[in-house]
Ligand code: GDP
Ligand code: MG
């Protein structure tokens, strides 16, 4: 069956860490959406790596799939293939030849379109993924397979180039700085380097599923960047909800396990509403301690308190089975930690669906928790955490009604607690709480 690692907020929740964590007991790992606009960081015993094309893991001896609907930046992919060759010598990479290529002209289009939009820009990371996806939908796109034949590439690229170059200069008042012939050559050369990895990944994955194998799925971006259910138009150009994996990979829908990853607070890169955002010395502390700067863009991430209205909605949208919560170390020593548990508008409660279409107008309703001392030890189990941290986690689990399976208190793979039962059950049984948070849902 598929076992997916998904983001329950606005991205950068720590999916990379959990793909790598889960990779220790999964042999087959697939990525099927997004492109170099998504960066996933992995830390194992002081060794760090970031991936934006190949599934994120430093584990060796894996079958790594890049499926249809993943968007390819050729140089990035070539670099990551080289990295895998050196670092994970026994892993094998399979790349679907039907994946679309994010071309340098898409990067220029992205820049020109954002400049044109001025204050209304999306604040995208600028790697051209949105423009590439438009060309895929418009039937103008270049697939990996197209780029391995010089004549085909030239013919297809000519049409795309004619249309898009005019758009850059005549619509966006920009200037295309690229040369068609040299771009054609470089795309061809890079695609030839990737050709040996070509494989019809739908067939490979179909075979594995037929043999009852588990396939770990890495998803790009996160729930609220979905271009239907996210904070449209401040989203990516495609679906990010995990159920799109079936069409993207090309296998029939089936029941799956979904690990929803959430940060203990909220972050966002780029523009768009963030109701719990704050900008004071606490935000600066969180940004510094949590190293909240984009993996791809290096931009400072925007900081907000945990928004349980959105996370709860994300659980429903994605069908999350269990939760991994990250960065609880970052909230230490803050004295008070507000958590958003509802929204109002003109004094009336607002549901998540409605709030999402007017997120810049709603007022968050907070519950406030006490912070905890610095987490500077190895914590083998949940009961070793400070009481305040257990209170916080227990409340979150109770409010969400879905079990927290993993608690991450640092970026390293080792800094992860696997929780053996419901946190709030443990909490109540041990008389640690004055509240009666006890989940009845199983
Ligand atoms: P992704 O896009 O969801 O894969 O997340 P990123 O890898 O882009 O960003 C998450 C960042 O948080 C990375 O730099 C991780 O190394 C880091 N990280 C993950 N879990 C933790 C944690 O529990 N504590 C801290 N301090 N950092 C973490
Ligand atoms: Mg990321």
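Some observations on this one:
- Every residue from the stretch 386-414 that is closer than 24 Å to residue 19 by Cβ, within 15 Å of ligand 1 (Cβ to nearest atom) and in contact with a helix residue (DSSP H, G or I) (Cβ under 8 Å, 6 or more places away or on another chain): 393, 396, 404, 406, 407, 408, 409, 410, 411, 413
- Among the residues here, residue 196 does not qualify as modelled with pLDDT under 95 and either outside any loop (DSSP other than H, G, I, E, B) or under 24 Å from the mean Cα position of the chain (by Cα) (or both).
- Of 124, 91, all but one fail to be under 15 Å from the mean Cα position of the chain (by Cα), away from ligand 1 (no atom under 14 Å from the Cβ) and under 29 Å from residue 410 (Cα atoms); the exception is 124.
- Check on residue 15, in contact (Cβ under 8 Å) with a residue 12 or more places away in the chain, in contact with a strand residue (DSSP E or B) (Cβ under 8 Å, 6 or more places away or on another chain) and within 9 Å of ligand 1 (Cβ to nearest atom): yes
- Residues (in a helix (DSSP H, G or I) and under 26 Å from residue 217 (Cα atoms)) located in the stretch 288-313: 308, 309, 310, 311, 312, 313
- Residue check, residue 316 under 14 Å from residue 224 (Cβ atoms), free of Cβ contacts under 8 Å to residues at least 24 places away in the same chain and either part of a loop (DSSP other than H, G, I, E, B) or away from ligand 1 (no atom under 13 Å from the Cβ) (or both): yes
- Summed over the stretch 34-86, the residues that are away from ligand 1 (no atom under 13 Å from the Cβ), modelled with pLDDT under 95 and not in a loop (DSSP other than H, G, I, E, B) give a count of 0.
- Selection of the stretch 15-33 for residues being buried (at least 23 other Cβ atoms within 10 Å of the Cβ) and in a loop (DSSP other than H, G, I, E, B) yields 32, 33.
The values are calculated or read from the model by the stated rules, or taken from the named source; none is laboratory data. Note that the structure is predicted; figures quoted are calculated from it, not measured. Positions of Cβ are backbone-derived with ideal geometry, glycine not excepted, and every protein chain shown enters the neighbour counts.
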